[in-house]
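Shown next, in structure tokens, is the structure this report addresses.
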Amino acid sequence: MESPFGLAQVWIYGDWVIRSTALVLLAMSLATWCIIAIKALDQRTQRQQARRVEGFWHSADFSAGLHRLGSAAGNPFHVLALQGLEAASHLQRTDAHASQQTFERQLHDSLDLSDWVERSLRKSVDDFLVRAQSGLPVLASVASTAPFVGLFGTVWGIYHALLGIGAAGQASIGQVAGPIGEALIMTALGLLVAIPAVLGYNTLVRGNKTIHHQLNRFAHDLHAYFVTGARVSAAGNGKVRLMKRG
């Protein structure tokens, strides 16, 4: 036998406040799962791209290394390498023009190679971090507000249930338990929306930290390569094969 109380009855017999609260929770849930799915797929792709970095250092030249990193579209490691190459090439062109006395130096041209490359690589890493964190504030907001939205629906539902019981002049267990139980469903819905948002937020933040660490390590190696001509090895006493920058 179908129960006369439940989520459907909350929607059918609820007023516009209850229905609006339910729609807000539904929108929060949809936004949460969309962000989690999109960000999880992005992080999965970025972890695959990170595994290509070691192959980059064993390429014959820089162009071949870029090819090993994969497409530049959405690839922070490819973009980072290009930024470093552009920074180093900029100073080389500046020095060449300055030697011919045909180039008017600008304020940022006074930086040496190490500082200029470091700033360019840092800018690329920071840009990635901003993109990676987009959407996470939404998850944090949903996680912190969804339980209170559900609680508001419960309080409003109990208020109207008590008004109905008072108007009927009766207070049997069945008349009290049913409406109040339906009102408590809103609290359960709030928790149902908030819990995935909390877990998704923590998981995505941890994933971003891992990729950010890998990107920082790649930036450090690129900085050493553009400044000294070789990547710093893990052991500190060896170098990988030098790559041509062409």
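In the range 57-90, which residues are under 25 Å from the mean Cα position of the chain (by Cα) and not in a helix (DSSP H, G or I)? Selection gives Gly70, Ser71, Ala72, Ala73, Gly74, Asn75.
When the residues of the range 204-246 are narrowed to those that are assigned to a loop (DSSP other than H, G, I, E, B) and within 26 Å of Thr45 (Cβ to Cβ), which ends up modelled with the lowest pLDDT? Steps first, answer last, please.
As a first pass, look at the range 204-246 and keep what is assigned to a loop (DSSP other than H, G, I, E, B): 229-231, 233-238, 240-243, 245-246.
Still in the running and within 26 Å of Thr45 (Cβ to Cβ): 231, 234, 240, 243.
Numbers: Arg231: 70, Ala234: 53, Val240: 45, Met243: 54.
Top of the filtered list is Val240.
Of the residues that make up the range 32-47, is at least one among the acidic types (Asp, Glu) and either farther than 22 Å from Val205 by Cβ or touching a strand residue (DSSP E or B) at 6+ places or on another chain (Cβ under 6 Å) (or both)? Scanning the range 32-47, I find no residue that is among the acidic types (Asp, Glu) and either farther than 22 Å from Val205 by Cβ or touching a strand residue (DSSP E or B) at 6+ places or on another chain (Cβ under 6 Å) (or both), so the answer is no.
Against the definition (at pLDDT below 90 and under 29 Å from Leu189 (Cβ atoms)), how does Arg19 come out, yes or no? Spelling it out, Arg19 is indeed at pLDDT below 90 and under 29 Å from Leu189 (Cβ atoms).
The values are calculated or read from the model by the stated rules, or taken from the named source; none is laboratory data. Since this is a predicted model, take the numbers as computed values, not measurements. Neighbour counts are summed over all protein chains in view; Cβ atoms, including those assigned to glycine, are modelled from backbone coordinates with ideal geometry.
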